[in-house]
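The values are calculated or read from the model by the stated rules, or taken from the named source; none is laboratory data. On a predicted model such as this, the values are computed, not experimentally measured, just so you know. Virtual Cβ from ideal backbone geometry, glycine too; neighbours counted across all protein chains shown.
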């Protein structure tokens, strides 16, 4: 099993109140609903993150894994097995919710809950792939099963979002994602009732179309991906 935990939640909105007002044709001098508009922009960006499975603006995440399923030291009983294909000797861990900015640390936990930092000399960080990875260097190996506790044995903490840091993350978000967030926020602004299966004004298809190309599919991905 794997679990993803938010260590530091995102706080930077891609769309400013002024940008939204211009998009929605609201008088820029009217500040009576600024708090409402800001909250709706936040909700719209959160919906976009959920739809795309991406980190849109800067945040710090922690991936916890019980075990790495690709071990050479797991004894197999005699006989013929039929089941899913496993990529033995896999030397990488896929990190969910791209884009990956950097990895803070990789830790593993002994059965007595003692944490040990896995030396960064043992791996390199792949920020080029669509989903970032922690990749073992040649000749290195993960800690063996017998050394680790049964639950949440591995912890990888990393920074994610568009851009390279918290200061430039919003400016590097693709324009289609930004426009989709504006559309979603405007939809929420104009339709303040609960949406049901009988509602005419559901989430607009245009926003979904803009976000679809950035959606991260999680079918049969390895580990945290």
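Among the listed residues 176, 191, identify the single one that is surrounded by fewer than 17 Cβ atoms within 10 Å (Cβ to Cβ) and modelled with pLDDT of 90 or more.
Numbers: 191 fails: modelled with pLDDT of 90 or more.
None of the other options fit; the residue is 176.
In this structure, does residue 182 turn out to be at pLDDT 95 or above and in a strand (DSSP E or B)?
No; evaluated as a whole, the condition is false for this residue.
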| Within the bounds of the stretch 110-119, is there any residue that is at pLDDT 90 or above and either assigned to a helix (DSSP H, G or I) or surrounded by 17 or more Cβ atoms within 10 Å (Cβ to Cβ) (or both)? | yes
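Being in contact with a helix residue (DSSP H, G or I) (Cβ under 9 Å, 6 or more places away or on another chain) and either touching a residue at least 40 places away in the same chain (Cβ under 8 Å) or not in a loop (DSSP other than H, G, I, E, B) (or both) is the filter here, so list the residues in the stretch 120-139 that pass it. Outline the logic, then answer.
First, pick out the residues of the stretch 120-139 that are in contact with a helix residue (DSSP H, G or I) (Cβ under 9 Å, 6 or more places away or on another chain): 136-137.
Residue satisfying the conditions is 136 alone.
Within the group 103, 94, which residue is closer than 30 Å to residue 217 by Cβ and either free of Cβ contacts under 8 Å to residues at least 60 places away in the same chain or loosely packed, with under 15 Cβ neighbours inside 10 Å (or both)?
Working: 94 fails: either free of Cβ contacts under 8 Å to residues at least 60 places away in the same chain or loosely packed, with under 15 Cβ neighbours inside 10 Å (or both).
Among 103, 94, only 103 is closer than 30 Å to residue 217 by Cβ and either free of Cβ contacts under 8 Å to residues at least 60 places away in the same chain or loosely packed, with under 15 Cβ neighbours inside 10 Å (or both).
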| request: Filter the stretch 141-163 for residues that are touching a residue at least 24 places away in the same chain (Cβ under 8 Å) and assigned to a loop (DSSP other than H, G, I, E, B) and give the result. | output: 142, 143, 144, 148, 149, 150, 151, 152, 153, 161, 162, 163
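Residue by residue, here is whether (1) modelled with pLDDT of 90 or more; (2) at positive phi; (3) touching a helix residue (DSSP H, G or I) at 6+ places or on another chain (Cβ under 7 Å) holds:
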residue	(1), (2), (3)
6	yes, no, no
9	yes, no, no
12	yes, no, yes
20	yes, no, yes
30	yes, no, no
43	yes, no, yes
69	no, no, no
103	yes, no, no
